[in-house]
1. Return the only residue of 165, 189, 172 being modelled with pLDDT under 95, out of contact with any Gly (no Cβ under 8 Å at 6 or more places or on another chain) and not assigned by TED's automatic domain parsing to the domain that holds residue 270.
2. Is it the case, given these coordinates, that residue 264 is in contact with a Lys or Arg (Cβ under 8 Å, 6 or more places away or on another chain), closer than 23 Å to residue 194 by Cβ, away from ligand 2 (no atom under 14 Å from the Cβ) and hydrophobic (A, V, I, L, M, F, W, C)?
3. Could you list, in sequence order, all residues of the stretch 200-213 that are aliphatic (A, V, I, L, M) and surrounded by fewer than 21 Cβ atoms within 10 Å (Cβ to Cβ)?
4. Of all residues being within 30 Å of residue 98 (Cα to Cα) and in contact with a Ser or Thr (Cβ under 7 Å, 6 or more places away or on another chain) in the stretch 172-199, which is surrounded by the fewest Cβ atoms within 10 Å (Cβ to Cβ)? Just the residue, please.
5. Can you tell me which residues in the stretch 190-210 are of a type outside the set (A, V, I, L, M) and in a loop (DSSP other than H, G, I, E, B)?
6. Which condition breaks for residue 278 when tested against (1) closer than 18 Å to residue 377 by Cβ; (2) surrounded by 20 or more Cβ atoms within 10 Å (Cβ to Cβ); (3) away from ligand 1 (no atom under 16 Å from the Cβ)?
7. At pLDDT below 95 and not hydroxyl-bearing (Ser, Thr, Tyr): which single residue out of 318, 351, 341 fits that description?
8. Please enumerate the residues belonging to the stretch 214-252 that are away from ligand 1 (no atom under 15 Å from the Cβ) and either surrounded by 19 or more Cβ atoms within 10 Å (Cβ to Cβ) or not assigned by TED's automatic domain parsing to the domain that holds residue 278 (or both).
Amino acid sequence: MLQNEDPQAGPSTPSRKRSRWDADDPPESVEKGFQQTAKRRAKSRQPKETNTTDENPIPLTNNLQVKPIRSKHPSHSIYVPPRTLHPPITPSRSVYCYERLNSIEEGSYGVVFRAKDKQTGDIVALKKLKLDEEKQGFPITALREINALMVCKHENVVGIREVVVGETLTQVFIVMDFIEHDLKTLLTVMPSPFLQSEVKTLMLQLLTAVAFCHERWILHRDLKTSNLLMNNRGTIKVADFGLARRYGDPVGVGGLTQLVVTLWYRAPEILLGATTYSTAVDMWSVGCIFAELLLKEPLFQAKGEIELISMIFKLLGPPTSSSWPDYTTLPLAKTITLPTPHPSQLRQKFPYITSAGIDLLSRLLTYDPEMRITAEEALQHPYFRESPFPKHPDLFGSFPSAAAGEKRKPYESPPAPTRAADYKLLMDFDVP
Ligand SMILES: Nc1ncnc2c1ncn2[C@@H]1O[C@H](COP(=O)(O)OP(=O)(O)OP(=O)(O)O)[C@@H](O)[C@H]1O
Ligand SMILES: [Mg+2]
């Protein structure tokens with residue numbers, strides 16, 4: 001939602017402390033102060049003159065050599081290489097390297113600003129991480145978000161530029177390329193739905209990005225239209241890796257957290273309490289997004305989990321022993337009374353899409369995660385090779401950008417799952 005830019009009006013969320021950068025322009029002293037601190041730190045990193053000798057240097061890998069210290073009781077192992085031999089670790093730059101332009105959105109976990117790089121003039125997006133209430137240090141979820149963005153550098157994933165810091169330890173911002181739209185807002189303001197040819201281009205880009213992340217062992221775990229950004233050249237960028245994590249690593253007792261994926265896009269196995277899930281959870285969300293692009297509104301607008309389960313059963317028909325053999329083994333399956341079996345209603349819900357389109361949608365919205373289509377397979381689906389063909393992104397029309405400062409309609413959507421609640425789980429066993 002757009003924020004009031006009047007600094008006198010104060011912050012829109014009274015509970016959150018703001019850095020001076022969020023609130024007004026930096027006093028020159030602040031900016032200078034940062035540079036001086038950085039210099040001071042750099043200076044203090046210079047290795048002290050030690051009592052060393054050129055005799056018998058200890059060989060290390062890559063032709064690096066460490067000279068032994070002659071002191072009787074060295075304060076650290078003589079095999080520890082000096083700081084100068086560490087890979088170049090530079091301190092984060094200051095947020096005051098950027099000029100704040102406007103706030104774009106206040107999400108569950110942070111606020112996103114549009115800003116200008118003072119050196120290059122580039123327009124960027126700064127996501128301020130919500131750390132004010134953190135009691136246990138820098139949250140692992142924030143580390144995962146930064147790590148996932150760095151691992152998944154791709155044309156269809158939002159580009160991370162750097163991480164910058166404000167005056168206090170709780171002021172940390174992720175700097176990203178600024179992208180004009182998010183698909184959720186765009187779908188709300190567009191007068192008519194995307195054309196079939198456009199839906200195909202968007203889906204191909206989304207599937208390419210998801211396949212890329214999965215190939216790099218990253219689960220997104222919060223795919224939804226508000227986390228898909230689109231620029232004015234018809235290119236989609238997957239954003240918000242705040243719930244992402246590596247998969248394939250050993251998982252501790254209790255399994256993976258179920259507090260993932262915003263309700264309307266949540267896969268049935270998570271709804272039914274599965275503690276081992278994988279890339280298929282993202283593919284279910286991709287199915288919900290595909291349907292939303294066709295309908296111009298979210299597919300399952302449920303108020304709670306029970307309502308969502310019954311909406312899914314109503315649309316797809318309840319699961320059977322052949323469509324989902326492992327259904328009965330799921331922790332919450334016993335608590336649910338299955339409705340009378342009936343066939344899928346997908347064709348009735350989407351009367352205008354081709355049979356190939358219905359086939360792809362039903363393969364994405366498949367109950368059994370083992371049988372659900374993968375991103376790699378979906379990219380090869382005949383739907384993308386039949387007429388109307390995917391439209392070239394350059395031919396997409398451009399829209400006024402709400403994120404760049406124009407008013408837009410607020411939209412109704414459930415929030416992303418809370419991260420604070422699963423913090424304990426994460427700390428205990430859910431290693432990155
Ligand atoms: N790089 C960007 N360029 C332009 N707008 C962006 C960018 N990143 C995020 N936004 C906008 O900010 C919104 C919130 O960002 P993001 O989803 O990363 O934060 P969040 O706090 O995790 O939000 P939520 O909990 O609502 O999912 C996005 O829906 C989008 O409108
Ligand atoms: Mg988001």
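The values are calculated or read from the model by the stated rules, or taken from the named source; none is laboratory data. Source: prediction; values computed, not measured. Counting neighbours? That spans all protein chains shown, and the Cβs are built from the backbone with ideal geometry, glycine included.
1. On the way: 189 fails: not assigned by TED's automatic domain parsing to the domain that holds residue 270; 172 fails: out of contact with any Gly (no Cβ under 8 Å at 6 or more places or on another chain).
Within the list 165, 189, 172, the selection yields 165.
2. no
3. The first filter runs over the stretch 200-213 and keeps only residues aliphatic (A, V, I, L, M), leaving 202-204, 206-207, 209-211.
Hits for the stretch 200-213 are 204, 211.
4. 184
5. Here is the first cut: in the stretch 190-210, the residues of a type outside the set (A, V, I, L, M) are 191-194, 196-198, 200-201, 205, 208.
Those that are of a type outside the set (A, V, I, L, M) and in a loop (DSSP other than H, G, I, E, B): 191, 192, 193, 194.
6. (2)
7. Numbers: 318 fails: at pLDDT below 95; 351 fails: at pLDDT below 95.
None of the other options fit; the residue is 341.
8. Of all residues in the stretch 214-252, those away from ligand 1 (no atom under 15 Å from the Cβ) come to 214-219, 234, 246-252.
Hits for the stretch 214-252 are 214, 218, 219.
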